[in-house]
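*Asks:* Dumping the structure here so I can ask a few things about it.
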Amino acid sequence: MSAKKAMLTGLDLVEKLWPRDLKGARVGLVAHPASVDRTVGHAVDVFRRSKKFRLAALFGPQHGIYGQTQDNMIEWEGFRDPATGLPVASLYGSVRKPTAAMLENIDVLAIDLQDAGARYYTFIWTLDLCMQACREAGKTVVVLDRPNPIGGHITEGPVLRQGYHSFVGLRPLPVRHGMTIGEIGHYLEDAFHPGIHYRVVPMQGWKRRSWFDRTLLPWVMPSPNMPTLDTALVYPGMCLLEGTNLSEGRGTTRPFEIFGAPFIHPRTLVDHLREFKLPGVVFRPLYFEPTFQKHAGILCGGAQIHVTDREKFKPFKTGVAILKAVHNTWPRDFAWKQPPYEYEEVKMPIDILAGSGQFRKDIESWKDIKDMEAWWKDELKEFEKVRKKYLLYR
């Protein structure tokens, strides 16, 4: 494929496809480091040059507009951007939902965020909270659509159940949702924010089976621990480890691909994982020492995930198998992380990640993985009926 045939994101097409009725509008932009066009030009610069509207304010999600905060629950506060002179409002600090004051001097809130394709990734919930605020304030939301990096053709995992909402899941979605951020916005608009002024600047040339490395677009880390497409591929399962005392590889150069704990014997773990006969993946035993976060500076035994066939690979099921293997082999050492986690002070982190308490209880009762997969497949089947109404790309 030649560079001329590279697909175009909403940012690449914003000048061409900006809604006519919004010409001349004062625009606030929600962006982060991966908000770049096909030449790696940042959205802030693209918006400043626009002749269709006037950039009036900037907003940043978790990890900051410049990706300046490394870890979860590291808040940041607003400032005035020295390069543009514009105010930058934080949506991961004292507030996560824009206040009326933040929206007062704009007509439109444009959102250009690269999602990772998993329900836990918080940028889609920043979108939801922005939609809430804009509906209340009578402002328009325009999403500049971007690819789902792990494809729009595969879904997997449980659907978030009522009573388990948090900033890693505010609305019913399966863990691997197979949607773009623009499509998720349409779902949110229809199901939860009727009457909102919502628009999408669509992509050109993206197909549902397109993995990010087939788009010829530059990969820019959407968050500090999402360094590669390989990371995004395993993330829908490996993020579950955040709800345990296992290191998910933060503090290494391969977060979410490397995992383990000080009490784990690598070869024993890998032998147990082979018994699950997981498709499209092999495990390599290793030792590692995280430089920060869980077990920082302590030697950990564990493994690295190597995906051999990404079409067959089931990231969520793989994450479940890892939790079961460690729980069943080292039951006295394995532990669930206690709250708080992502602003949830009461519910167990693993419960809000999985979307219900059933997942944790199944692990604790040594339930067979096939039986577990059966109930989340039932939930997924029901959500598919909802999902198909909002797909923009065929």
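The values are calculated or read from the model by the stated rules, or taken from the named source; none is laboratory data. Only a predicted model underlies this, so the values are computations on that prediction, with no experimental measurement involved. Neighbour counts are summed over all protein chains in view; Cβ atoms, including those assigned to glycine, are modelled from backbone coordinates with ideal geometry. In case anyone asks, the SASA skips ligands and DNA or RNA and just uses the protein heavy atoms, side chains included. Shrake-Rupley method; radii C 1.70, N 1.55, O 1.52, S 1.80 Å.
*Asks:* How many residues does the stretch 35-55 contain that are under 23 Å from ARG20 (Cβ atoms) and either out of contact with any helix residue (DSSP H, G or I) (no Cβ under 7 Å at 6 or more places or on another chain) or not in a loop (DSSP other than H, G, I, E, B) (or both)?
*Replies:* Final tally of qualifying residues: 9.
*Asks:* Any residue at all in the stretch 170-187 that is among the hydroxyl-bearing types (Ser, Thr, Tyr) and touching a strand residue (DSSP E or B) at 6+ places or on another chain (Cβ under 7 Å)?
*Replies:* For the stretch 170-187, residues among the hydroxyl-bearing types (Ser, Thr, Tyr) and touching a strand residue (DSSP E or B) at 6+ places or on another chain (Cβ under 7 Å): absent.
*Asks:* Do we find that GLY93 is within 30 Å of SER210 (Cα to Cα) and assigned to a loop (DSSP other than H, G, I, E, B) in this structure?
*Replies:* no
*Asks:* May I pose another question? Can you tell me which residue in the stretch 94-103 is least open to solvent (accessible area, probe 1.4 Å), limited to those that are more than 18 Å from ALA31 (Cβ to Cβ) and in contact (Cβ under 8 Å) with a residue 12 or more places away in the chain?
*Replies:* THR99
*Asks:* Continuing with the same structure: Quickly run through the stretch 236-249 and pick out the residues that are in a loop (DSSP other than H, G, I, E, B) and surrounded by fewer than 24 Cβ atoms within 10 Å (Cβ to Cβ).
*Replies:* Within the stretch 236-249, just ASN245 meets the criteria.
*Asks:* Return the only residue of ASP213, ASP271, ASP230 being part of a helix (DSSP H, G or I) and over 28 Å from LYS370 (Cβ atoms).
*Replies:* The match here is ASP213.
*Asks:* Checking GLY117 against (1) on the phi > 0 side of the Ramachandran plot; (2) open to solvent by 10 Å² or more (accessible area, probe 1.4 Å), which single condition isn't satisfied?
*Replies:* (2)
*Asks:* Of THR122, THR126, THR180, which residue is buried (at least 21 other Cβ atoms within 10 Å of the Cβ), of a type in the set (Val, Ile, Thr) and closer than 22 Å to GLY319 by Cα?
*Replies:* THR122
*Asks:* Another one. Answer yes or no as to whether HIS63 is on the phi > 0 side of the Ramachandran plot, buried (at least 17 other Cβ atoms within 10 Å of the Cβ) and not in a helix (DSSP H, G or I).
*Replies:* yes
*Asks:* Same structure, new question: Among the residues of the stretch 307-350, count how many are assigned to a helix (DSSP H, G or I) and under 30 Å from PHE212 (Cα atoms).
*Replies:* 11
*Asks:* With the requirement that a residue be closer than 30 Å to ARG26 by Cα, in a loop (DSSP other than H, G, I, E, B) and not hydrophobic (A, V, I, L, M, F, W, C), what does the stretch 140-172 give you?
*Replies:* Passing the criteria: ASP145, ARG146, PRO147, ASN148, ARG171.
*Asks:* Look through ALA335, ALA325, ALA261, ALA303 and report the one residue that is surrounded by fewer than 22 Cβ atoms within 10 Å (Cβ to Cβ), modelled with pLDDT of 95 or more and among the small types (Gly, Ala, Ser).
*Replies:* One residue alone meets the criteria, ALA335.
*Asks:* Quick one: in the stretch 138-159, which of the residues that are open to solvent by 10 Å² or more (accessible area, probe 1.4 Å) and hydrophobic (A, V, I, L, M, F, W, C) is farthest from MET226 (Cα to Cα)?
*Replies:* This residue is VAL159.
*Asks:* Whether any residue in the stretch 216-235 is farther than 23 Å from ALA31 by Cα, of a type outside the set (D, E, K, R), open to solvent by 60 Å² or more (accessible area, probe 1.4 Å) and touching a strand residue (DSSP E or B) at 6+ places or on another chain (Cβ under 9 Å) is what I want to check.
*Replies:* Scanning the stretch 216-235, I find no residue that is farther than 23 Å from ALA31 by Cα, of a type outside the set (D, E, K, R), open to solvent by 60 Å² or more (accessible area, probe 1.4 Å) and touching a strand residue (DSSP E or B) at 6+ places or on another chain (Cβ under 9 Å), so the answer is no.
*Asks:* So ARG284 ticks every box in (1) in a loop (DSSP other than H, G, I, E, B); (2) basic (Lys, Arg); (3) in contact (Cβ under 8 Å) with a residue 12 or more places away in the chain but one. Which box is left unticked?
*Replies:* (1)
*Asks:* Restricting to the stretch 173-210, give me the number of residues that are more than 15 Å from the chain's Cα centre (by Cα) and not in a helix (DSSP H, G or I).
*Replies:* 18
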